[in-house]
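Enquirer: Take a look at this one; I'll ask things after.
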Amino acid sequence: MKISAWCKGLVTILPVLGLAACLSSDPPKLDAADLATPDGFAGDYYAAPTGESDNRSATATITPADRNGYLLTIAENGLQGGPDAPVKIRLLTLNSGLLLAVVSDADKVGDVIYSTVTKAADGAWVFRSVEFKDQARDRHLSDAIRRHGAIAVSYDSSDIKADRIEGNLTAANLRALFADPDFVNRMETASGFRLTPKR
């Protein structure tokens, strides 16, 4: 499936998660040694858009996967047909200390989408979609992306804003990109979802 269609599918199929946009790329080259495995990440959660931590309309399970990855499965309460197919998550620690989630299909790592991940004081994990301010999708942003291993970047003008980076990025490329002021200052992470541990 093309990543733009997959992004749109995630946004429309899982409105409970409050996803509004996505940044995608060709699959980056990430070794198991590049990936973070934070304590307490695997487990059972309530899932809700950020700002709605008491929403109990969806549940989520994170389980360990091969090569330091994880599988995330979300089930909306009352949804016919059972839970959604799991997605694979690989976590990379950025220079800032934030985690970057690299999300792909569970059975194959084709195109990926990106989300920042932080841990809240109550133990919840907050995922925020990586998107760009409309007025900041300019040459300076494109140049910053190309500086760090990309060969091209395209911006989606639809409501989904499924922007895409082309090129074989590495862990070092991603860390440098997410530390570049020309990239970071044009990025916003307003939409996302929160996984609150079940007690």
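The values are calculated or read from the model by the stated rules, or taken from the named source; none is laboratory data. The model shown is predicted, which means the values in this text are computed figures rather than measured ones. Note that each Cβ is placed from the backbone with ideal geometry, even for glycine, and that neighbours are counted across all protein chains shown.
Enquirer: Mind listing whichever residues of region 114-172 are free of Cβ contacts under 8 Å to residues at least 60 places away in the same chain and in a strand (DSSP E or B)?
Expert: Val117, Thr118, Ala152, Val153, Ser154
Enquirer: Considering (1) loosely packed, with under 13 Cβ neighbours inside 10 Å; (2) within 24 Å of Gly167 (Cα to Cα); (3) of a type in the set (Asp, Glu); (4) modelled with pLDDT under 95, say which one Asp111 fails and leave the rest.
Expert: Failing condition for Asp111: (1).
Enquirer: Using beta carbons and a limit of 7 Å, which pairs, at least six apart or on different chains, have the first residue in region 35-46 and assigned to a loop (DSSP other than H, G, I, E, B) and the second one surrounded by fewer than 12 Cβ atoms within 10 Å (Cβ to Cβ) and not β-branched (Val, Ile, Thr)?
Expert: Ala42/Pro64
Enquirer: If you check Ala65 against the conditions, is it farther than 20 Å from Arg186 by Cα, hydrophobic (A, V, I, L, M, F, W, C) and out of contact with any strand residue (DSSP E or B) (no Cβ under 8 Å at 6 or more places or on another chain)?
Expert: Details: farther than 20 Å from Arg186 by Cα: yes; hydrophobic (A, V, I, L, M, F, W, C): yes; out of contact with any strand residue (DSSP E or B) (no Cβ under 8 Å at 6 or more places or on another chain): no.
Considered against the rule, which asks whether it is farther than 20 Å from Arg186 by Cα, hydrophobic (A, V, I, L, M, F, W, C) and out of contact with any strand residue (DSSP E or B) (no Cβ under 8 Å at 6 or more places or on another chain), Ala65 comes out as no.
Enquirer: Phe193 versus (1) touching a residue at least 12 places away in the same chain (Cβ under 8 Å); (2) assigned to a loop (DSSP other than H, G, I, E, B): which is the lone unmet condition?
Expert: (2)
Enquirer: Condition test on Phe127, is it touching a strand residue (DSSP E or B) at 6+ places or on another chain (Cβ under 7 Å) and within 20 Å of Pro38 (Cβ to Cβ)?
Expert: On the way: touching a strand residue (DSSP E or B) at 6+ places or on another chain (Cβ under 7 Å): yes; within 20 Å of Pro38 (Cβ to Cβ): yes.
For Phe127, the condition - touching a strand residue (DSSP E or B) at 6+ places or on another chain (Cβ under 7 Å) and within 20 Å of Pro38 (Cβ to Cβ) - is met.
Enquirer: Let me ask something additional. Just one of the numbered conditions (1) more than 16 Å from Pro27 (Cα to Cα); (2) surrounded by 13 or more Cβ atoms within 10 Å (Cβ to Cβ) is not true of Leu100; which one?
Expert: Unmet condition: (1).
Enquirer: Let me ask another. Just to be sure, is Pro181 under 21 Å from Asn68 (Cα atoms) and without any contact (Cβ under 8 Å) to a residue 40 or more places away in the chain?
Expert: Working: under 21 Å from Asn68 (Cα atoms): no; without any contact (Cβ under 8 Å) to a residue 40 or more places away in the chain: yes.
For Pro181, the condition - under 21 Å from Asn68 (Cα atoms) and without any contact (Cβ under 8 Å) to a residue 40 or more places away in the chain - is not met.
Enquirer: Can you go through Leu79, Leu72 and tell me which one is buried (at least 19 other Cβ atoms within 10 Å of the Cβ) and either closer than 14 Å to Thr196 by Cα or at pLDDT below 95 (or both)? Explain how you work it out, then say what you get.
Expert: Details: Leu79 fails: buried (at least 19 other Cβ atoms within 10 Å of the Cβ).
Answer to the selection: Leu72.
Enquirer: While we're looking at this one, here's another question. Kindly evaluate Gly110 against the criterion of being among the small types (Gly, Ala, Ser), within 20 Å of Lys88 (Cβ to Cβ) and either touching a residue at least 60 places away in the same chain (Cβ under 8 Å) or not in a loop (DSSP other than H, G, I, E, B) (or both). Give the steps one after another, and end with the answer.
Expert: Numbers: among the small types (Gly, Ala, Ser): yes; within 20 Å of Lys88 (Cβ to Cβ): yes; either touching a residue at least 60 places away in the same chain (Cβ under 8 Å) or not in a loop (DSSP other than H, G, I, E, B) (or both): yes.
Criteria met by Gly110.
Enquirer: To continue, here is another question. Return yes or no: is Arg175 at pLDDT 95 or above, assigned to a helix (DSSP H, G or I) and over 18 Å from the mean Cα position of the chain (by Cα)?
Expert: Working: at pLDDT 95 or above: yes; assigned to a helix (DSSP H, G or I): yes; over 18 Å from the mean Cα position of the chain (by Cα): no.
For Arg175, the condition - at pLDDT 95 or above, assigned to a helix (DSSP H, G or I) and over 18 Å from the mean Cα position of the chain (by Cα) - is not met.
Enquirer: Could you say which residue among Glu188, Glu131 is at negative phi and crowded, with 20+ Cβ neighbours inside 10 Å? Show your work before the answer.
Expert: Details: Glu188 fails: crowded, with 20+ Cβ neighbours inside 10 Å.
After applying the criteria, what remains is Glu131.
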